[in-house]
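My questions all concern the structure below.
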Amino acid sequence: MEAIKITPEKALEEFQQFQANLAKGLKNLSEIGEIESGVTPREAVYQEDKMVLYHYQPSRGKQLNPTPLLIVYALVNRPYMADLQEDRSTIRGLMDAGQDVYLIDWGYPDQADKFLNLDDYLNGYIDRCVDFMRKRYDVGRINLLGICQGGTFSLCYSAMHPDKIANLVTMVTPVDFKTEDNVLSRWIQNIDVDKTADALGNLSGDMLNYTFLSLKPMRLTGQKYLDMVNILADPKQAKNFMRMEKWIFDSPDQAGQAWREFCTCFYKQNKLVEGGLKIGDYEVNLKNVTMPVLNVYATLDHLVPPAASKVLKKLISSEDYEEIEFPGGHIGIYVSGRAQKEIPPAIGKWLEARR
């Protein structure tokens, strides 16, 4: 293998370029202005406690699917990742594909919410949002799209209330929480979740965020900031970078009881696969998922490995099941240029075919 030759002159040239880019980047950061949290116009149509149901405003005269689509995001991050910027918006892509889009924003739980459990979230908040939309459109069923942990919630909800869901879409959704390549699951097995929840009440969003970053420490906390210097030299790229940084570190705390139940029932006991999951008064039996299902997963996902999602096909009773495999990561499936061209249009086409 040929050795890499670095002359003193070349090293000095690269250092000077690094310094120049850094100076430009600092100037651009000082002038960057406000970083928006979502870009598509929307209206709050239903609110309960800290949860808000938003309706995204379609273009006038655009023909929409008569069955509205509800997006359920994870509790652990803010949902504006799905609407990050004009050219990186899954929500806008779905609207362009003819979907009438709603989204649940969970807000920021505080200590008053530490006793909220999974039943409160699924058979409470989600169910009342679904009923609000059914009544508003005078339809028996709506379409449901769940993202990450929100996909797990949507899957459980569809199993408990199959009569209310016409079509189910799951994106980067964990189903089998004990696949061999699931590093996060291995870590959680060694945590005493009861003592942690009892001691802290709510789980700190910052603590959970640093846990996720630690799954790929060099790439997510080291190399990224070296690469940042070249990115920040361009004003547009600088603002895009800061949008992503804002989202990464905008991490809500987790209601302690819901976190306890999720870690125990899903990560430790893997009940979606093993069976025996009960949420409130309902047994969660995935065989009750008989509606059409589209399962979208990312091949390079370090949080939800593909095997954790693909097992879904074997566990449900739907005779109309399809998968979309995206060659990217857990975040790239929302924001990469290729994802924007492929994923929302494919979901929209799939839903349109099942009106």
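Scan (1) crowded, with 20+ Cβ neighbours inside 10 Å; (2) within 21 Å of the chain's Cα centre (by Cα); (3) at pLDDT below 75 for the single condition G25 breaks and write down its number.
G25 satisfies every listed condition except (2).
Would you check if Y297 is farther than 19 Å from K178 by Cα, buried (at least 17 other Cβ atoms within 10 Å of the Cβ) and either out of contact with any helix residue (DSSP H, G or I) (no Cβ under 7 Å at 6 or more places or on another chain) or not polar (S, T, N, Q) (or both)?
No, not satisfied.
Report, ordered by the first and then the second residue, all pairs with beta carbons closer than 7 Å, sequence separation of six or more or different chains, a first member in the range 90-111 that is under 23 Å from G332 (Cβ atoms) and basic (K, R), and a second member that is surrounded by fewer than 24 Cβ atoms within 10 Å (Cβ to Cβ) and at pLDDT below 95.
Between residues of the range 90-111 that are under 23 Å from G332 (Cβ atoms) and basic (K, R) and residues that are surrounded by fewer than 24 Cβ atoms within 10 Å (Cβ to Cβ) and at pLDDT below 95, the close pairs are R92/T40.
Here is a follow-up. Go through the residues of the range 116-139 one by one and say whether even a single one is within 17 Å of the chain's Cα centre (by Cα), under 21 Å from L70 (Cα atoms), in a loop (DSSP other than H, G, I, E, B) and in contact (Cβ under 8 Å) with a residue 40 or more places away in the chain. Before the answer, list the steps.
The first filter runs over the range 116-139 and keeps only residues within 17 Å of the chain's Cα centre (by Cα), leaving 121-122, 126.
Filter again for under 21 Å from L70 (Cα atoms), leaving 121-122, 126.
Within this subset, residues satisfying the condition of being in a loop (DSSP other than H, G, I, E, B) are none.
No, the range 116-139 has no match at all.
Okay, moving on. Please work out which residue is farthest from the chain's Cα centre (by Cα), limiting yourself to the range 140-162 and to residues that are among the hydrophobic types (A, V, I, L, M, F, W, C) and outside any helix (DSSP H, G or I). Break it down stepwise before answering.
If we filter the range 140-162 for residues that are among the hydrophobic types (A, V, I, L, M, F, W, C), which is where we start, we get 142, 144-145, 147-148, 153, 155-156, 159-160.
Of the ones still in play, those that are also outside any helix (DSSP H, G or I) are 142, 144-145, 147-148.
Working: I142: 20, L144: 14, L145: 10, I147: 4, C148: 5 Å.
Among those residues, the one meeting the criterion is I142.
What is the number of the single condition among (1) surrounded by fewer than 20 Cβ atoms within 10 Å (Cβ to Cβ); (2) assigned to a helix (DSSP H, G or I); (3) out of contact with any Gly (no Cβ under 9 Å at 6 or more places or on another chain) that K341 does not meet?
For K341, the exception is condition (3).
Output the residues belonging to the range 311-355 that are within 12 Å of P292 (Cβ to Cβ), modelled with pLDDT under 95 and among the small types (G, A, S).
Listed by number, the list is empty, since nothing qualifies.
If you don't mind, another one. Could you check how many residues of the range 268-284 are assigned to a helix (DSSP H, G or I) and surrounded by fewer than 21 Cβ atoms within 10 Å (Cβ to Cβ)? Break it down stepwise before answering.
Step one: list which residues in the range 268-284 are assigned to a helix (DSSP H, G or I), which gives 268, 271-274.
Applying the additional criterion that residues be surrounded by fewer than 21 Cβ atoms within 10 Å (Cβ to Cβ) yields 268, 271, 273-274.
Here the count works out to 4.
Which one of D105, D120, D100 is among the acidic types (D, E) and out of contact with any strand residue (DSSP E or B) (no Cβ under 9 Å at 6 or more places or on another chain)?
After applying the criteria, what remains is D120.
When you go through V139, V172, V130 one by one, which is the residue that is of a type in the set (A, V, I, L, M, F, W, C), modelled with pLDDT of 95 or more and at positive phi? Reasoning before the result, please.
On the way: V139 fails: at positive phi; V130 fails: at positive phi.
On inspection, the qualifying residue turns out to be V172.
Could you grab me the full set of residues in the range 82-110 that are in a strand (DSSP E or B), of a type in the set (V, I, T) and in contact with a Ser or Thr (Cβ under 9 Å, 6 or more places away or on another chain)? Break it down stepwise before answering.
So the first thing to find is which residues in the range 82-110 are in a strand (DSSP E or B), and the list is 85, 88, 101-105.
After this cut, where a residue has to be of a type in the set (V, I, T) as well, the list is 101, 104.
Scanning the range 82-110 gives a single hit, V101.
Taking the residues in the range 37-83 that are of a type in the set (G, A, S) and at positive phi as candidates, determine which candidate is surrounded by the most Cβ atoms within 10 Å (Cβ to Cβ).
Let us first name the residues in the range 37-83 that are of a type in the set (G, A, S), namely 37-38, 44, 59, 61, 74, 82.
Still in the running and at positive phi: 38, 61.
Details: G38: 21, G61: 5.
The selected residue is G38.
Looking at (1) crowded, with 20+ Cβ neighbours inside 10 Å; (2) over 20 Å from Y121 (Cα atoms), which is the one condition that is false for K287?
(1)
Something else: Going by the structure shown, is D181 acidic (D, E), outside any helix (DSSP H, G or I), at pLDDT below 95 and within 22 Å of the chain's Cα centre (by Cα)? Reasoning before the result, please.
Working: acidic (D, E): yes; outside any helix (DSSP H, G or I): yes; at pLDDT below 95: yes; within 22 Å of the chain's Cα centre (by Cα): yes.
So D181 fits the description; yes.
Now a separate question. Could you check how many residues of the range 45-69 are under 16 Å from D96 (Cβ atoms), in contact with an Asp or Glu (Cβ under 7 Å, 6 or more places away or on another chain) and not in a loop (DSSP other than H, G, I, E, B)?
So the count comes out to 1.
The values are calculated or read from the model by the stated rules, or taken from the named source; none is laboratory data. Predicted model, so just to flag it, every value in this text is computed and none were measured. Note that we place each Cβ from the backbone using ideal geometry, even for glycine, and neighbour counts take in every protein chain shown.
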